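Notes follow the structure.
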Amino acid sequence: MLSLEDKIALLTIARDTLYSKITRANDKAIDESAISEILQQAAGVFVSLHRKSDGKLQGCMGSFKATIPLYKLIKEMVISAALKDYRFSPLSKDELENTDIEISVLSPMKEIETIDEIELGKHGIYISKDHHSGTFLPQVALLTGWSVEEFLGRCARDKAGIGWEGWKEATIYTYEAEVFSEKEMKLG
């Protein structure tokens with residue numbers, strides 16, 4: 001569990017990194033001695049960018065691989081969400097002020113035996129078959145109102161590229177996420 005201070009620190013790092021990258025300003029140095037122990041641990045994370053005006057997604061990138069400290073991975077993922085998500089145009093300088101940053105810090109994944117183990121809104125899913133994989137964060141189920149089968153079918157078809165029923169022959173993992181945003185924290 002992240003403290004309020006940890007969440008604010010991660011959102012501040014993400015905002016400063018985004019601003020520096022988009023405006024080509026000097027990157028703000030991070031006082032590593034002020035970073036809490038939990039933020040120095042490796043953890044998977046996704047960063048989602050939404051327009052403040054209408055809540056529409058502008059970019060979302062993440063990594064399940066927990067190989068570097070969380071506060072460093074946030075920097076990489078916010079840049080990827082802003083500039084490398086192929087579904088969207090790269091974020092422009094003019095869009096910065098109208099962008100809300102949302103962070104999802106991930107728990108380790110757990111392989112499931114049956115889809116009855118999936119709790120919509122609590123679990124994200126990761127589907128893997130052969131060399132194809134895809135994921136939906138837990139909040140996707142809440143935003144869409146999909147059933148478990150729709151959640152799996154859309155992830156299999158739209159994210160993993162293995163067809164609507166491809167999940168039936170795939171390995172399915174669940175994970176949880178601690179989700180927070182600038183909007184929720186009343187930052188920016």
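The values are calculated or read from the model by the stated rules, or taken from the named source; none is laboratory data. Keep in mind that what you see is a predicted model, and the values were worked out from it rather than measured. Cβ sites come from the backbone with ideal geometry, for glycine too, and all protein chains shown count toward neighbours.
A few points about this structure:
- Within the range 128-146, considering residues that are touching a helix residue (DSSP H, G or I) at 6+ places or on another chain (Cβ under 9 Å) and aliphatic (A, V, I, L, M), the one surrounded by the fewest Cβ atoms within 10 Å (Cβ to Cβ): 140
- Between 182, 176, 149, the distinction of being modelled with pLDDT of 95 or more and surrounded by 19 or more Cβ atoms within 10 Å (Cβ to Cβ) belongs to 182 only.
- Of the criteria (1) modelled with pLDDT of 95 or more; (2) surrounded by fewer than 16 Cβ atoms within 10 Å (Cβ to Cβ); (3) small (Gly, Ala, Ser), which one residue 48 fails: (2)
- Check on residue 65, closer than 22 Å to residue 178 by Cβ and modelled with pLDDT of 95 or more: no
- Consider the range 40-67 and keep the residues that are among the aliphatic types (A, V, I, L, M) and either in a strand (DSSP E or B) or over 17 Å from residue 9 (Cα atoms) (or both). The one that is farthest from the chain's Cα centre (by Cα) is 42.
- Within the range 107-121, if we keep just the residues that are modelled with pLDDT of 95 or more and surrounded by 12 or more Cβ atoms within 10 Å (Cβ to Cβ), the residue that is nearest to residue 72 (Cα to Cα) turns out to be 110.
- Restricting 82, 42 to residues that are free of Cβ contacts under 8 Å to residues at least 40 places away in the same chain and in contact with a Ser or Thr (Cβ under 9 Å, 6 or more places away or on another chain) narrows the list to 42.
- When 72, 28 are checked against the criterion of being out of contact with any strand residue (DSSP E or B) (no Cβ under 7 Å at 6 or more places or on another chain), closer than 27 Å to residue 133 by Cα and either of a type in the set (Asp, Glu) or free of Cβ contacts under 8 Å to residues at least 24 places away in the same chain (or both), 72 stands alone in meeting it.
- Note on the range 126-139: residues that are out of contact with any Cys (no Cβ under 6 Å at 6 or more places or on another chain) and within 18 Å of residue 169 (Cα to Cα) total 8.
- Matching entry among 79, 125, 74 (being under 27 Å from residue 155 (Cα atoms) and assigned by TED's automatic domain parsing to the domain that holds residue 143): 125
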